[in-house]
Structure formats: C-alpha cells, structure tokens
1. Restrict the check to the stretch A:11-21 and report whether at least one residue is of a type in the set (D, E, K, R), surrounded by 14 or more Cβ atoms within 10 Å (Cβ to Cβ) and either within 14 Å of another protein chain (Cβ to nearest Cβ) or in a helix (DSSP H, G or I) (or both).
2. Could you list all residues from the stretch A:22-41 that are of a type outside the set (A, V, I, L, M), assigned to a loop (DSSP other than H, G, I, E, B) and under 21 Å from residue B:166 (Cβ atoms)?
3. If you take just the strands (runs of 3 or more DSSP E) that sit entirely in the stretch B:34-137, which of them hold at least 3 residues that are crowded, with 23+ Cβ neighbours inside 10 Å?
4. Considering (1) at positive phi; (2) facing another protein chain (nearest Cβ under 8 Å), say which one residue B:172 fails and leave the rest.
5. Take the residues in the stretch B:175-227 that are crowded, with 20+ Cβ neighbours inside 10 Å, in contact with an Asp or Glu (Cβ under 7 Å, 6 or more places away or on another chain) and among the small types (Gly, Ala, Ser), then tell me which one is nearest to the other protein chains (Cβ to nearest Cβ).
6. Output the residues belonging to the stretch B:182-193 that are out of contact with any Leu (no Cβ under 6 Å at 6 or more places or on another chain) and touching a residue at least 40 places away in the same chain (Cβ under 8 Å).
7. Can you give me the number of residues within the stretch B:8-22 that are charged (D, E, K, R) and either within 20 Å of residue B:137 (Cβ to Cβ) or crowded, with 16+ Cβ neighbours inside 10 Å (or both)?
8. Which condition number in (1) surrounded by 14 or more Cβ atoms within 10 Å (Cβ to Cβ); (2) in contact with a strand residue (DSSP E or B) (Cβ under 7 Å, 6 or more places away or on another chain) is the one that residue A:4 fails?
Amino acid sequence: MSENISIVVDGMAEAVPQGLSLPRLILLHQAQHKDLIVEINGRFVHPREYERVALKDGDRVELIHPAFGG
Amino acid sequence: MPGRYTMQERLAGWGPEGQARLEGSTAVVLGLGGLGGTTAMLLARAGVGRLRLVDPDRVALDNLHRQILYGEADAAQAAPKAQAAARRLASANGQVRLEAVQAEFQESNGAELLQGTDVVLDCLDRPQPRFVLNELCLKLGLPWVHAGVVAAQGQLLVVRPGTTPCLRCWFPGGAEPSFTSAEHGVIGPAASVLASLQANEALKLLLGQDQALLAGMLVVRLWPPSFREVRFHRVGQEPCPACGYQAKPLRP
C-alpha cells in the first residue's frame, strides 16, 4: 500500500501519493497549459524535466499561469 | 531650492550623474493600457529624455478603471491612446521629448519602432507580439522589461540578451491565451503594481545599476498578496531555440 506525502501546492497543503509524478499533479490541478510555469522549492522546472520529477515530502510547488494581458 | 529631480537624485547610485544619464536616454513603451500608461508616466516624471509611445488603439470607457493616463473626455472622443498619452505626459514633464505612434507593434515595423532606443517596455496585451519582441531584441542586443497582467496577478522579467534567459527560455512551448482578461478581468491595482515594478527595472537599466536588477521571474499575486521570485534552472536542457543559451548562470 502506498503512503501519502505532504506537499504544498500554490500555498495550500495537500496529501498526495508517494512518488506522484509532476505531470500527474499538473493533471490533477487541471493546469495542463503549454505556457504553465512550474516552480518547485523556488526553482523553475523546464517542461522537458517534468517526467523526471517525482515529488518528495515537503516540496513546495507553484503552478503559475502567466498573465499576458497589458 | 530643491529641483525637479532632487529627491530621486538623493538615492544611492542615482545622483546628478545618473539623472544626466536618464536625460540622455530613450525608452520605447509598447502598449499604452493599464501597464504602459503607468510605466510611461513614471519614466516621464523621472526625466527619461525621450519616450516613444506606441499603441494602435483608441480610449474606451472600459479602459478607465485601470488606465490612469486617460479621462472621460478621451473615452467620449475615442481618442487615440498614443496621442492622448503624449498630451498627458507632456503636462507632467515638459522636458521629455515625446513621440506618439499610433501603430501596432509587429514583425514588419518592429525594428523601425525600436530604432535608437536604450530600453524597451513590453506592455503589450497578448502573447504573440511579445515573442516577436523577444526575437527582435535578441537580434538587436536590446535590453527589455517584460510585464503582463490578468485579473489580480502578473509577472515581471528583465531580459538582457547575452546575459539572462530570454522569454522563450521561460516559455519553450510558446504561449496560449489560456488565462485572459477577457475571461478573468483585470483590476487597476494589479496593473499599476506591475507597471511600477517594470518602470523601476527600466530605470535601473538606464542608470547602469545592473547589480540591482531583478534576476529571476517575479510572480506577483495580489488576491491574496504574494511576491515570489522564481529562479531559472537549466540543468540538462537543450539550447534555447531563440537565444541558444547565450545566458550565463544566474546567481544561485
């Protein structure tokens, strides 16, 4: 049985399954836009890296939808 | 008796020398809406010598809650924004040379619109021309300050070709209109906060205060409020198709 870990997404604590992939988290948050900016623990994550990222307990994730209006 | 610029000249790193430098500088403001109007006003009041004001649109009533350069008379007359902005800025600082250009920034006229400038303020209202600007500034080696706003949030980025990541580095997949003011609205305080930050970075560029520049991407949310600086990270990545990672690593 997989254990849950605790992460913070956009400032809100959230329990997710251990080893949850970043693409899965993005999907769960319905944030799958091509201009999405993902930040984990203060660092920008390039889209090519998404598949390689497994979330760890205590990670702070920001899913940022850029604003292109003026 | 204190002069027009005395109070800002007192800032460490500014001084009369910095002020003279500003007065000899040119900035282009692309887009004169909620961002561009405030940015242009701050640069004009600070004494940037020459401002080129570029926007194809006319003032409308639904602009007035956030576009502080314009009044009800401008909306009633559907005044061109570039000309209305120039009139307003001239009344704030008659020493600034103002060039009003009623045109849409695009690939075909971009180089002409940016001619002779020291810095570009990206206050455009959709993604596509911002990427055109990115390519053009890389080609011309021009520093520029990107700002965008929707609803109660936005982001800010300083791009210095050859030194920092470019817009394409941050958005390798390009951009799509997934989060728009047409759907989510936009509020005046958000536009003004982003514009103030943007003008601030442009002034640093013009003053040569590179060590004080924003290094990452500043993500501003106002509802509830937070300011976050995201640092660029490019371990194991292929070169950026636009700038080819001319960028040196940012401070960790």
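Throughout, read-outs are computed from the coordinates displayed, never taken from laboratory work. Computed from a predicted model, the values in this text were never measured in an experiment. Here the Cβ positions follow ideal geometry from the backbone for every residue, glycine too, while neighbour counts run over all protein chains shown.
1. First, the residues of the stretch A:11-21 that are of a type in the set (D, E, K, R): A:14.
Remaining after also requiring surrounded by 14 or more Cβ atoms within 10 Å (Cβ to Cβ): A:14.
Still in the list and also either within 14 Å of another protein chain (Cβ to nearest Cβ) or in a helix (DSSP H, G or I) (or both): none.
No, the stretch A:11-21 contains no residue that is of a type in the set (D, E, K, R), surrounded by 14 or more Cβ atoms within 10 Å (Cβ to Cβ) and either within 14 Å of another protein chain (Cβ to nearest Cβ) or in a helix (DSSP H, G or I) (or both).
2. So in the stretch A:22-41, the residues of a type outside the set (A, V, I, L, M) come out as A:23-24, A:29-30, A:32-35, A:39, A:41.
Checking which are assigned to a loop (DSSP other than H, G, I, E, B) leaves us with A:29-30, A:32-35, A:41.
Of everything in the stretch A:22-41, those that are of a type outside the set (A, V, I, L, M), assigned to a loop (DSSP other than H, G, I, E, B) and under 21 Å from residue B:166 (Cβ atoms) turn out to be A:33, A:34, A:35.
3. On the way: elements: B:50-54, B:97-101, B:119-122.
Filter on the stretch B:34-137 gives B:50-54, B:119-122.
4. Failing condition for residue B:172: (1).
5. Only one residue fits best here, namely B:175.
6. Residues satisfying the conditions are B:186, B:187, B:188, B:192.
7. Initial filter on the stretch B:8-22 (charged (D, E, K, R)): B:9-10, B:17, B:21.
So of that shortlist, the ones also either within 20 Å of residue B:137 (Cβ to Cβ) or crowded, with 16+ Cβ neighbours inside 10 Å (or both) come out as B:9, B:21.
Summing the residues that are charged (D, E, K, R) and either within 20 Å of residue B:137 (Cβ to Cβ) or crowded, with 16+ Cβ neighbours inside 10 Å (or both) in the stretch B:8-22 gives 2.
8. Evaluating residue A:4 over (1) surrounded by 14 or more Cβ atoms within 10 Å (Cβ to Cβ); (2) in contact with a strand residue (DSSP E or B) (Cβ under 7 Å, 6 or more places away or on another chain) leaves (1) as the failure.
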